[in-house]
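Notes to accompany the following structure.
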Amino acid sequence: MYAKFHSIGAYVPSKILTNQDLEKMVDTSDEWIVKRTGIKERHIAEEHEVTSDMGAKAGAKAIQRAGLEAKDIDLVVCATVTPDYFNMPSTACIISTKLGICNVQAFDISAACSGFVYALSVAKAFVESGMKKHVLIIGAEKFSSIVDYTDRGTCILFGDGAGAAVISATDDKSEAIIDIHASADGSYADFLVTPAPGSVHPFSQKSLDEGLNFVKMKGNETFKLAVKTLTQDVKHILEKNHISSSDIPHFIPHQANYRIIKAVGDALHMKEEQVVLTVHKYGNTSAASIPMAINDIYESKRLQKGELMLLDTFGGGLTWASAIVPFAGAGLED
Ligand code: ACO
């Protein structure tokens, strides 16, 4: 039994936060943000709109595009670092109920920006082992809920949104996910951290006063390590599978910063048309970034059945992951 990437869906909140809006909030400029990150705007969820709402909307699209119904899904995995609730229940449980998926296994994955590719590896393993037939994987983030909008080092980077895919069983090897490599190194845990609440800093007035509930990032250190790790990891997975970067029509890196994407694309000798870019309009949406980017090329009819996608991601933990995946879904109908 093989696992195939059966469908894609996404949800983008309608509210837009532009660089010009941020100029009024912190000491920054549109010019600085565009030059250093490539980001022009990002989408922000409404106050009442939570991570599971966005995840459920993306998930509903992915299920419908796979030609399936809620009753066909036998596992739900949600990758997020901005869950509806920090301890329990999991966001995957809430999404399952919102989608009418009843009495199936559901759990969250915490791997920051690498979460969607981590979830993909879990779905692949469950399907290949014969334990599940149709796994709904979701990357959903309300990152605005952990961003300090007085910290110019982080607030310019992040946006909200969700993406989802159905991973299904197939006996046709030609449509199977080729390979996934996922890894982590906790010795860099302090590069990207939301200190509270947790067992280190349990919920308290003191932690709130110190702003420990907001994401903290060592931006420059993270940048350098991201370029190195992303390049090494993707070179390794291509070599291992005897695939050349020129064979890849869609290189879909994590959308954190245009300069990181450009440096990795150049190191792989990728042409501009091979590299999928959404960072200018969505910013960094963490676990939602890769599925939102896949959905973008799907909805603009650039992604055809059978075409190879090379996924490459990096995030808090530190975590990183890459995958070589043929798109096995039907094209978008007019
Ligand atoms: N506007 C204007 N100036 C700024 C801003 C801003 N928004 N932010 C920082 N600066 C200033 C700094 O204060 C500093 O000033 P100084 O020289 O007077 O001290 C100067 O700009 C340079 O700061 P750096 O941090 O060195 O700038 P850098 O070029 O590294 O860009 C950035 C910062 C955009 C954050 C970059 O480091 C980056 O993208 N890092 C990687 C982020 C990432 O990939 N995260 C991983 C995934 S996220 C996840 O897993 C959830």
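Only the coordinates and a few stated rules stand behind these numbers; no lab work does. Predicted, not measured: the structure shown is a model, and the values here were computed from it. Because the Cβ atoms are built from the backbone with ideal geometry, glycine has one as well, and the counts that use them run over all protein chains shown.
Odds and ends about this structure:
- Cα centroid separation - region 37-101 against region 103-128, whole Å: 13 Å
- Student exercise, region 178-334 dipole from Lys, Arg, Asp, Glu Cβ charges, in Debye to nearest 20: 320 debye
- Backbone N within region 177-208 under 19 Å of label point (7 Å from MET131 Cα along the Cβ vector): 177, 180-183
- For the chain, DSSP calls about 70 percent of its internal beta bridges antiparallel.
- On the principal axes of its alpha carbon atoms, the chain extends 55, 47, 42 Å, with the longest extent given first.
- Cut-off of 10 Å, at most 13 other beta carbons, DSSP loop: longest stretch of the chain lacking such GluC sites (Glu not before Pro): 70-209
- The amide H of ASP179, built 1.01 Å from its N in the peptide plane, has ILE324 as neighbours under 5 Å, considering only residues 5 or more places off or on other chains.
- Sparsely packed trypsin sites (Lys or Arg not before Pro) within region 226-330, loop by DSSP, other Cβ within 10 Å at most 14: LYS271, LYS301, ARG302, LYS305
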